[in-house]
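The values are calculated or read from the model by the stated rules, or taken from the named source; none is laboratory data. The shown structure was predicted, so the numbers you read here are calculated from the model rather than taken from an experiment. Cβ sites come from the backbone with ideal geometry, for glycine too, and all protein chains shown count toward neighbours. Note: accessible area is taken over every heavy atom of the protein model, side chains too, but ligands, DNA and RNA are not part of it. Shrake-Rupley method; radii C 1.70, N 1.55, O 1.52, S 1.80 Å.
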Amino acid sequence: MTQSAAAQKPPATPRRLDPEDAQIALAEVQERLRRQQLVADLVHRQEEGDAKAPLVEDLVHRQHEAELKTLLDGLHPADIAFILESLPKDERQSIWKLVSPEHDADVLLEVEDWVRESLIEAMDRQDLVAATGSMDADELADLAPDLPPDVVAEVQKGLTEEERAQLLEAMGYPEDSVGAIMDFEMVRVREDVTLEVVLRYLRRLHELPDHTDQIFVVDRQDKLQGILPLSRLLVSEPETEVRAVMNSDFLALNPLDSDADAAGAFERYDLVSAPVMDDQGRLIGRVTIADVVDVMREDSQEQALSRAGLQEEDIFAPVSTALRNRAPWLLFNLCTAATASFVASRFEGTVSQIVILAFLMSIVAGIGGNSGNQTMTLIIRALAMGRITGRNLWQLVKRELFVTLLVGLCGSVVAALFAWVISRSLSIALVMMAAMICNMLVGASVGVLVPMVRARFGKDPAMGSSVLLTFATDSLGFFIFLGLATIFLL
């Protein structure tokens, strides 16, 4: 029986704060930085001949730094990462220099990618080697794309042959695959030993790998034979052999599986960890709930940004960077809005004769967009969960259109009543009712088609979906409403 990674001495972990305490700590850091800047500005306004001014500034600066360092030393690395992500770049670099070196590695792993790059740029080569030298192979593989090549090469020299092989293996898998998020630290045993032997072996370990809820049973070629839950190990008789109590029916992942699929499996089966097997059935790693939670969080953030046509960016990034990120879709949105306005302008004669239409057509466009957004949200979520297949696609489309039709009938009655109240015209109320139903069906159709078509071509289903939906419901909503008004009211 072996442990895949040598047990390491656990780092001293400070007290972890809850989210509210982390925000309080952020406020404290910002206040101390503000005071430090006020002192610096005050000293600079003093006369140049005052020889004591620089000494006073240096003394106050050192005092503030000592207070900040004391505050940071009492925080968990995740909370330090939160503070760094919430500060402008200059202040972020100032705080980063005060973080204790023993927490550098953990903070680098906790921060978002766009912050990590700026932190690594501020570190010299020696500090980077020291921070990454204590990382596991899977953690180092996560950071490797952001590290200078010479630092990665230097760290590799300090790895064992097994760790070096694990690092190269982890770096060889695609970014969004199971292989890229799996770790190599796990406990393995043989099936022909007793539970008493397993317990004695576990007691000799310094500690169990994080999120260990099961032990993996392998043969001499490392082929996975089954899993031994810790709960069963503890309640079974010590003289029992592993093969008698292990589970031969278990879920295993392939390193080339999508990390999103792995997250879906964890959610579906309430897993804490899962083994990763290669094509020959050999156990090569495991995925834990901690890895999966990170995947879910990142996917959720990316989806929210994609729907607005954005990519992840530093909230304190330079204006030029923000423009490159936001301008393309905003310009596209401007074009779509101009198209909608052009459509409305073609019915200038209708609007000039029945002015009330100008106030009502925004309702038609808005309700159609909201209806489509509901459908689109459901479709994107179903795609992410893998619930849409070729067999149920048409059934899903018919269901969404039918539901939208029923909701449209109910909502259009209210809209028609409102149109009649302000116009006292039954014809306008009926046109309002028909246009609203039609545009809601347009919104539902676009809400289904846009994500499906993008997914069919391997694109992010959420990318720019809201912009495209708004374009369709505004342009066609104006066209339908004003077109019906021209036909039936003039």
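The label-point distance for ASN247 and GLU28, in a model that sets each label 7 Å from Cα toward Cβ, rounds to 4.3 nm.
Ordered by 1.4 Å accessible area with all protein chains kept, SER100, SER362 run largest first as SER362, SER100. Going by accessible surface with a 1.4 Å probe and the largest first, TRP329, TRP394, TRP96 read TRP394, TRP329, TRP96. So, R0 is 25 Å and r is the distance between the beta-carbons of GLN353 and VAL414; what FRET efficiency does that work out to, to 0.05? Efficiency computed from Cβ-Cβ geometry: 0.45.
What do you get for Rg/Rh over the chain if you use C-alpha atoms and the Kirkwood form of Rh? Could the numbers behind the result be given before it?
Numbers: Rg = 30.3 Å, Rh = 27.6 Å.
Taking Rg over the Kirkwood Rh, I get 1.10.
Heavy-atom accessible surface of SER231, to the nearest 10 Å², is about 80 Å², with a 1.4 Å probe and all protein chains retained. Summing charges over all other residues whose Cβ lies under 11 Å from the Cβ of THR240, with Lys and Arg as +1 and Asp and Glu as -1, gives -2. Label separation (ARG203 vs LYS398): 6.6 nm, computed from points 7 Å beyond Cα along the C-beta direction.
Given a cut-off of under 8 Å on Cα pairs at least six residues apart, what relative contact order in percent is computed for the chain?
Numbers: 619 pairs, mean separation 59.4, N = 490.
Once normalised by length, the contact order is 12 percent.
The convex hull built on the alpha-carbon positions of region 318-398 has an orientation-averaged projected area of 9.1 nm². Taking a point 7 angstrom from the Cα of GLU239 along the C-beta vector, which residues in region 195-211 have backbone N less than 16 Å away? In region 195-211, the label zone of GLU239 (backbone N under 16 Å from the point 7 Å along Cα→Cβ) covers 195-197. The average projected area of region 171-302, computed from the convex hull of its Cα atoms over all directions, is 8.5 nm².
Counting only protein heavy atoms and a 1.4 Å probe, the chain has 54 square angstrom of accessible area per residue. Note on ALA327/ASP73: beta-carbon distance plugged into 1/(1 + (r/R0)^6) with R0 of 56 Å gives a FRET efficiency of 0.85.
Ranking SER352, SER371 from most to least accessible surface, computed with a 1.4 Å probe over the protein chains only, gives SER352, SER371. Working from the Cα coordinates of region 353-449, the gyration tensor eigenvalues give, after taking √(5λ), semi-axes of 32, 12, 9 Å in decreasing order.
Can you give the extra length, in nm with one decimal, that the chain gains between SER425 and PHE488 once fully stretched, where that is 0.36 nm per residue apart less the Cα-Cα distance? Spell out each step's value before the answer.
Numbers: separation 63, 0.36 × 63 = 22.68 nm, distance 1.23 nm.
That works out to 21.5 nm of additional length.
Of all the accessible heavy-atom surface of the chain, with the other protein chains kept in place and a 1.4 Å probe, what percent is carbon and sulfur? Roughly 56 percent, rounded to a whole number. Sorting the segments 444-451, 274-281, 455-462, 199-206 by their mean number of nearby beta carbons within 10 angstrom, highest to lowest, gives 444-451, 274-281, 455-462, 199-206.
Could you compute the FRET efficiency for GLN156 and ASP270, with r as their C-beta to C-beta distance and R0 at 30 Å, rounded to 0.05?
Values: r = 38 Å, r/R0 = 1.26.
It comes to 0.20.
Across region 165-226, the mean sequence separation of Cα contacts (distance under 8 Å, 6 or more residues apart), normalised by length, yields a relative contact order of 31 percent.
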